[in-house]
Amino acid sequence: MIGLKFEEVRDELRKWREDNSRQSEEVVDRWTYCLQHNKNKLGDERWMVEEQVFVAALDCNRMDIADQCLHSLAKKFPNSLRVAKLKGMRLEALEKFDDALQIYERIVREDETNSTARKRRIAVLRGQRRYVDAIKELNEYLQLFMSDWEAWQELLDLYLKEGDYAKAAFCMEELLMSNPHNAIYYTRYAEVKYTQGGLENMEIAKTYFGQAVKLNPKNIRALFGLQLSCEQIASSPKTTVQKKKEAIRVAEYASQLIKQRYAALSSPASTHGDQNLVESLSALTVGGEKTSRP
Amino acid sequence: MSSNNQVNIKCAALAKIVLHSARWSHLAVNGVLLGPSLDAGKTSELEIVDAVPLFHQQLSLAPMLDVALNMVETHYRSKGLQIVGYYQANEHVKDVVPDFVAMKITEKIAENYDSACLIMLDNRKVCLQMESNPLIVSQVTQDGKWKNRDKSCVTLESRSLSSVSELLQKQVHQEIVDFDLHFDDISFNWTNAPINDLINSFVAA
């Protein structure tokens, strides 16, 4: 940690900002041991870094660091709505939700197009475990900001938490329309349909797992999903003979690809063990203990 | 049903649960519990020997759960272990109530193992110097309802709390692997052998 060079650390934080990944402990460490002593070398990037460290510090309950960063930002950008939002987040971290809401409502009054403050309101509801209210408000938000993909994903997450698979599938459909080449979206949609159960949903799952495999043949979830959904289809009493044959064929194809992927792992010990695992998976009998999901 | 029986939890199980939750502390996580493959009715105690972390992304989706459970059962059968329960740590720090996912999965496990237990992690008790057992254990009673076991019926292996606290201090939680990580990249080994070795060295010391 002490040996990390300033440039490396700066680049790491930049990458985490771009990926929007939540590496709070690491960010706080790098600030503490490196960046805070080199703030002036950051140039214009300094303010984005301070904001990033602020949020990470809230995550790690390092209010001392958070307050330092907030103080610098507030001084540099005195009437900024973006800084006001950060003040709101600080109050959220302290569980002062009503005070946080007041700030967000003020921001929205001053700027109706501000989407982040509206989303923070929904975050407050989630922080208070008011999931049903969060869903309602998120739906209203999406009426206004319907191409906000982060919001659609949040709504998907909330519906899955509540077990509302049908509405989760609808969110996934919106995401798929925006991103028709995203293998992860295809896989996730297929997983939701599989979970919903029933022959029709299983056939949709099979199609979407298949598409995910085409887009990214290395996607092991899609391969497993393809195998399982085909096995479910093959074992359903409502399946026609021809579809059953096809399903079995595709299941075997997926199973072969999975075995190859595991065999390609470098360690011989794990390969052997995992081969057994894969054998056991493909030995799941058609019409065995697997039942259709309720 | 074993409403009076002791539940003994080994350090490895406690460690995996806590480390799993600590790595993805802003998310809900879940996993299964392992115990000796004995007929539950014949023993007077339930021993939870280890835990296998499953997911930190969507906990409520079926396909990967089916795959993971199958892999776990197959792998540990040859070691004389089977799935004896399920654990979950909710995303909200104060939330210790099992949701529909926890109930459903544990009930499924209970179909194959009478004394199956459901463990919820009390996030508030997880810290760098743990002093009390953060695990809330519940089992099905005679009348088919899920009931929390009294703390006096649940024992942790000696030095578990101090060992796990030390693991957290050393940031070992950054290394723990679950099935979500494994499915993202299969070179990540979900059996967590290095962490198990480390835990064993702590307990043996």
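The values are calculated or read from the model by the stated rules, or taken from the named source; none is laboratory data. Just so it is clear, the model here is predicted, and its values are computed rather than measured. Positions of Cβ are generated from backbone atoms using ideal geometry, with glycine treated the same way; all protein chains shown enter the neighbour counts.
Taking segment B:87-102 as the search range and keeping residues that are hydrophobic (A, V, I, L, M, F, W, C) and under 14 Å from the mean Cα position of the chain (by Cα), which one is nearest to the other protein chains (Cβ to nearest Cβ)? Restricting to residues being hydrophobic (A, V, I, L, M, F, W, C) and under 14 Å from the mean Cα position of the chain (by Cα), the top hit is B:A102. Six or more apart or on different chains, Cβ atoms under 8 Å: show the pairs whose first residue is in segment B:179-205 and more than 9 Å from every other protein chain (Cβ to nearest Cβ) and whose second is among the acidic types (D, E). Once the first residue is more than 9 Å from every other protein chain (Cβ to nearest Cβ) and sits in segment B:179-205, its partners that are among the acidic types (D, E) give B:W190/B:D178; B:P194/B:E175; B:I195/B:E175; B:N196/B:D50; B:F202/B:E166; B:V203/B:E157.
For (1) under 29 Å from the mean Cα position of the chain (by Cα); (2) at pLDDT 95 or above; (3) among the basic types (K, R), each residue gets a yes or a no:
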| position | (1), (2), (3) |
| --- | --- |
| A:A190 | yes, yes, no |
| A:T195 | yes, yes, no |
| A:K206 | yes, yes, yes |
| A:N216 | yes, no, no |
| A:A222 | yes, yes, no |
| A:P237 | no, no, no |
| A:R261 | yes, no, yes |
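Being β-branched (V, I, T) and surrounded by 15 or more Cβ atoms within 10 Å (Cβ to Cβ) is the filter here; which residues of segment A:117-145 pass it? Correct list: A:I122, A:V124, A:I135. Any residue at all in segment B:129-140 that's free of Cβ contacts under 8 Å to residues at least 40 places away in the same chain, farther than 16 Å from B:A51 by Cβ and out of contact with any helix residue (DSSP H, G or I) (no Cβ under 9 Å at 6 or more places or on another chain)? Within segment B:129-140, none of the residues are free of Cβ contacts under 8 Å to residues at least 40 places away in the same chain, farther than 16 Å from B:A51 by Cβ and out of contact with any helix residue (DSSP H, G or I) (no Cβ under 9 Å at 6 or more places or on another chain). Go through (1) within 26 Å of the chain's Cα centre (by Cα); (2) more than 14 Å from chain B (Cβ to nearest Cβ); (3) crowded, with 17+ Cβ neighbours inside 10 Å for A:E18 and report which single condition fails. Every condition holds for A:E18 apart from (3).
Among residues of segment A:160-200 being within 14 Å of another protein chain (Cβ to nearest Cβ) and in contact (Cβ under 8 Å) with a residue 60 or more places away in the chain, the one that is surrounded by the most Cβ atoms within 10 Å (Cβ to Cβ) is A:Y194. For segment A:201-211, residues that are within 22 Å of B:H182 (Cα to Cα) and either more than 12 Å from chain B (Cβ to nearest Cβ) or surrounded by fewer than 17 Cβ atoms within 10 Å (Cβ to Cβ) (or both) total 2. Each residue in segment B:106-161 was checked for being assigned to a helix (DSSP H, G or I), closer than 24 Å to B:L19 by Cβ and polar (S, T, N, Q), and 3 of them qualify.
Residues in segment B:55-82 that are away from chain A (no Cβ under 12 Å) and either in contact with an Asp or Glu (Cβ under 6 Å, 6 or more places away or on another chain) or assigned to a loop (DSSP other than H, G, I, E, B) (or both): B:G80 alone.
May I ask you to verify whether A:M177 is of a type in the set (A, V, I, L, M), at pLDDT 95 or above and either outside any helix (DSSP H, G or I) or under 18 Å from the mean Cα position of the chain (by Cα) (or both)?
Judged against the criteria, A:M177 is not a match.
Only one of the numbered conditions (1) closer than 30 Å to B:Q171 by Cα; (2) surrounded by fewer than 18 Cβ atoms within 10 Å (Cβ to Cβ) is not met by A:C69, and that is (2).
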